[in-house]
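The values are calculated or read from the model by the stated rules, or taken from the named source; none is laboratory data. Keep in mind the model is a prediction, meaning the values are calculated, not measured. When we count neighbours, we look across all protein chains shown, and the Cβ atoms used for this are built from the backbone with ideal geometry, even at glycine.
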């Protein structure tokens, strides 16, 4: 094993550890991501399927969303597990407040079995995702239901109806460009501590998902001046209430 230190006038600024064999695997397993390197962008571009219906692309998203000045704009995604199980993730861009979507299996699901042109029994088809997002947004004040940015996955095939049901403006990232939802991607990395890859995500209850979301929302963030997402969101809502702006859903 080799230990390499990066030193400046301010002291030690970084440490790299080079292990071999079993030690290297053990060190990699200790990393938050569980892998030694990030996935190269070129490899990411070679997989996945594009969204095929009409959509408003991220290039048309207004500047006030880009600068994160006002809360109410969300990024969303699915994290996938064993047997095509999934959990939906919603992250508010300004405060990093997180909500998790419970997407249970549908009745009739059988592991390893698919029905051609049948319903998406794994639980994260377009209708299930639309209903889950709408249900989560209905719990929020209207001022926090402004927009949602997602990738071009088939689970968003009902985005036009979602826009009507939830009141959200829906924007789509370019194909295979997860970095365009940076807050969501970072949060998904944190969530893998609770929901490791290769595990069945359908076994988690809605209550368990709420507990994990609470843990993230009460975790201080450097980008928020060491406030928690819950504190940042509450501070915004208090200001809205005092100004007579916020309304309930």
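None of 161, 110 is at pLDDT 90 or above and either farther than 30 Å from residue 237 by Cα or assigned by TED's automatic domain parsing to the domain that holds residue 55 (or both) except 161.
Exactly one residue among 61, 93, 68 is over 24 Å from residue 161 (Cβ atoms) and either touching a helix residue (DSSP H, G or I) at 6+ places or on another chain (Cβ under 6 Å) or assigned by TED's automatic domain parsing to the domain that holds residue 170 (or both), and that residue is 68.
Yes or no, residue by residue, for (1) closer than 21 Å to residue 142 by Cβ; (2) buried (at least 18 other Cβ atoms within 10 Å of the Cβ); (3) modelled with pLDDT of 95 or more; (4) in contact with a strand residue (DSSP E or B) (Cβ under 7 Å, 6 or more places away or on another chain):
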{"site": "39", "(1), (2), (3), (4)": "no, no, no, no"}
{"site": "44", "(1), (2), (3), (4)": "no, no, no, no"}
{"site": "53", "(1), (2), (3), (4)": "no, no, no, no"}
{"site": "70", "(1), (2), (3), (4)": "yes, no, no, no"}
{"site": "76", "(1), (2), (3), (4)": "yes, yes, yes, yes"}
{"site": "83", "(1), (2), (3), (4)": "no, no, no, no"}
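Here residue 217 meets each of (1) under 24 Å from residue 106 (Cβ atoms); (2) crowded, with 18+ Cβ neighbours inside 10 Å with one exception, condition (1). Can we say residue 225 is crowded, with 20+ Cβ neighbours inside 10 Å and on the phi > 0 side of the Ramachandran plot? No; evaluated as a whole, the condition is false for this residue.
Scanning segment 200-244 for residues that are over 17 Å from residue 90 (Cα atoms), in contact with a helix residue (DSSP H, G or I) (Cβ under 6 Å, 6 or more places away or on another chain) and not in a helix (DSSP H, G or I) yields a single hit, 200.
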